[in-house]
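See below for the structure under consideration.
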Amino acid sequence: MLRDRPQCDQPAPGTGDLAGRGQQLRACPLHGAVPRRHALLITQDALGLPFQPELGGSGEGMLTCCLVIEELTRVCYNTSYLLVMTWQPFYAISHAGTAEQKERFLPPLIRGEIKFSTANTEPEAGSDMAALKTRARPVPGGYRISGSKVFASNAAAADYFVTFANTDPSAGGKGITAFIVDANADGVTVDAPEDKIGGRAIPSCAVTFDDVEENRLGAEGQGFVTAATCFTKVRPLVGARAVGQRLHPTRRQRRARRDRPPAPRNHRRE
Ligand SMILES: Cc1cc2nc3c(=O)[nH]c(=O)nc-3n(C[C@H](O)[C@H](O)[C@H](O)COP(=O)(O)OP(=O)(O)OC[C@H]3O[C@@H](n4cnc5c(N)ncnc54)[C@H](O)[C@@H]3O)c2cc1C
């Protein structure tokens, strides 16, 4: 697999001007890059590597998964980025999901039948999750979610989002609750991919929830713990991706390093 280098798509000029989902987004050449990489990961049984065999996974440990990510990054950064972005919501659902949610979402995620994206970051709240402004109001049978997220990787290709919203603004971090949102639900809008410097084959998009009706993932007020648990699992994988990239830079990265102006004198090691 690692010798089969998927084509690394270059950015299409003008993709930053596309707005909204539907026709325009489907016309975006970056959009096609996810299914091809996803198909490769399915054929290699990679999507379920870290997860329990009962769910269809391989039950591999973190070290093995890090080595896979490092090696995959060596041949294609975007494919390993997609794999980490697939594992991230999986960790959230396996941590906080009900038995019904786990059964409904996790085996299809491992088989590659559905795709997820994590929509946490907001224009005014990244690291500081307690400051999330997206609100979720309880209604009979569920919640209604309203707010805007940014940088949701894989959003343009996702069938579902794991997202986080404030159910009690007076409670700080303890007022954050996790949700699973159907990407095709009324009131969900996915914007055009961000004009990123790297990882451009995996679209990162702003996502708006406008009074979207959905169900909780985990108990009310436990979203912060769910996010922390899942981000803690993902951190070594992101580190492994950086190691893979550092050890095996692409031609473009080598050129950028070579052409980089020297660091100012007081930043150099003497
Ligand atoms: C390529 C890419 C893909 C992404 N994909 C996703 C995704 O799929 N889903 C998603 O939800 N988000 C995603 N993000 C967003 C990412 O998670 C946020 O950028 C990140 O959480 C940081 O938030 P911020 O950018 O608002 O920075 P800020 O939170 O404003 O932080 C800015 C700087 O301040 C530092 N800082 C912040 N707080 C403290 C503190 N208390 N003490 C000391 N230093 C501090 C930070 O380390 C950072 O250097 C993505 C971002 C990028 C660039």
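Any read-out appearing in this document is the output of simple, stated calculations on the displayed coordinates, not a laboratory observation. This one's a predicted model, so the numbers in the text were calculated from it and none came from an experiment. Neighbour counts are summed over all protein chains in view; Cβ atoms, including those assigned to glycine, are modelled from backbone coordinates with ideal geometry.
Computed values, structure above
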| item | result |
| --- | --- |
| For region 176-193, Karplus couplings with θ = phi - 60° (6.51, -1.76, 1.60), whole Hz, Gly/Pro x | 8, 10, 8, 9, 10, 10, 6, 5, 9, 5, 4, x, 9, 10, 10, 7, 5, x |
| Amide H contacts of Thr134 (H built 1.01 Å from N, under 5 Å, at least 5 apart or other chain) | Ser148, Asn166 |
| Fewest-first sequence of Met62, Met129 by Cβ atoms within 10 Å of each Cβ | Met62, Met129 |
| Dipole magnitude of the chain, debye to nearest 20 (Cβ charges: Lys/Arg +1, Asp/Glu -1, about Cα centre) | 1600 debye |
| Set of lysines with alpha-carbon distance to Lys133 below 23 Å, sequence-local pairs under 8 removed | Lys149, Lys174 |
| On Cα atoms only, tilt of 77-96 relative to the major axis of the chain in degrees | 30 degrees |
| Whole-number percent relative contact order across region 15-248, with pairs defined as alpha carbons under 8 Å at least 6 apart | 25 percent |
| The chain, helix-only ellipticity at 222 nm - DSSP H runs n ≥ 4, -39,500 (n - 2.57), divided by all residues, nearest 500 | -11500 deg cm²/dmol |
| Rounded tilt (10° steps) of 62-75 against the dominant C-alpha axis of the chain | 50 degrees |
